[in-house]
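Novice: For reference, the structure I am asking about is given below.
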Amino acid sequence: MTDGIGTVYKSLVDRIEKQVVSGSILQKYSNFGENKFKVSLGIGILKRDKMELVAEKATECGVNKIIPLIMNRSIKRNVNTERLQKIILTTTKQCGRSVKPDITEPVKLHSYLADNSASIIAVHNSGKPLGKQTLSQLDNPDDLFVVVGPEGDFSDNELDLLRSENAVFVNLGNRRLRSETAVIAALSQINLIFN
């Protein structure tokens, strides 16, 4: 059982009706199932089923926050954050994490960057391979902001904006990946490197 804010409890359930009626806590674990670093995911808004997949898989991969980004080439401009919060909560419990990731309301990329100072990793085919050497360029590897574009990719203006914010551009190999696949691949590789 988890409280969603950092603690997992090993419990003994005595009685269940429609829900747990009685039981006892046997042991507490702090930060169970969490990364050693903080990672936020900025994702260009995708179609509903793809956004739901991203919310689920990003939670499994250890993100702390999901930021739906309104980008120039986004097909959609809004998301059902209430539905995504339910998916995130269910996934947090299922994968054994102790902290439930936050999800924000959709925001424009430039607005989010103006208010945050994390190291930025932008997933783009023009970047260097994602690896230890590339990530060693980061100023603050304990606080990451991973940005993945929408189905239509980043616009030239968005790429310029990311460059002006000293983003480290990385690619995930020699194939063009769908945005939702790029999220899973990037977060998995980052976990292997930093954990």
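Novice: Can you check what the net charge comes to around Ala182, using other residues whose Cβ is under 12 Å from the Cβ of Ala182 (Lys, Arg +1; Asp, Glu -1)?
Specialist: Net charge in that neighbourhood comes out at +2.
Novice: Tell me, in nm to one decimal, what length is gained between Asn80 and Lys132 on full extension, where the rule is 0.36 nm per residue of separation less the Cα-Cα distance? The partial results should precede the final answer.
Specialist: Working: separation 52, 0.36 × 52 = 18.72 nm, distance 3.57 nm.
Result: 15.2 nm gained on full extension.
Novice: Related question: How much length would be gained if the chain were fully extended between Ser24 and Arg163, taking 0.36 nm per residue of separation minus their Cα-Cα distance, in nm to one decimal?
Specialist: Between Ser24 and Arg163, full extension yields 44.8 nm more.
Novice: Moving on. Lysine pairs in the range 33-194 with alpha-carbon atoms under 15 Å apart, 8 or more places apart or on different chains: how many are there?
Specialist: Lysine pairs, 8 or more places apart or on different chains, close enough: 13.
Novice: Between rounded, prolate and oblate, where does the range 1-85 land on the alpha carbon gyration tensor, with a ≥ b ≥ c its root eigenvalues, rounded for a/c under 1.5, else prolate if a/b exceeds b/c?
Specialist: oblate
Novice: Specify which labelled value, from (i) -0.28; (ii) -0.21; (iii) -0.34, agrees with log10 I(q)/I(0) by the Debye sum over Cα atoms at q = 0.08 Å⁻¹ derived from the coordinates of the model shown.
Specialist: (i)
Novice: Rounded to the nearest 5, what % of DSSP beta bridges with both residues in the chain are antiparallel?
Specialist: Counting only bridges with both partners in the chain, antiparallel ones make up about 30 percent.
Novice: Please sort 35-47, 79-91 by packing, taking for each peptide the average over its residues of neighbouring beta carbons within 10 angstrom, highest first.
Specialist: Highest-to-lowest ranking by the protection proxy: 35-47, 79-91.
Read-outs: derived from the displayed coordinates by stated rules, not from any lab. Computed from a prediction, not measured in an experiment: that's the story for all the values here. Virtual Cβ from ideal backbone geometry, glycine too; neighbours counted across all protein chains shown.
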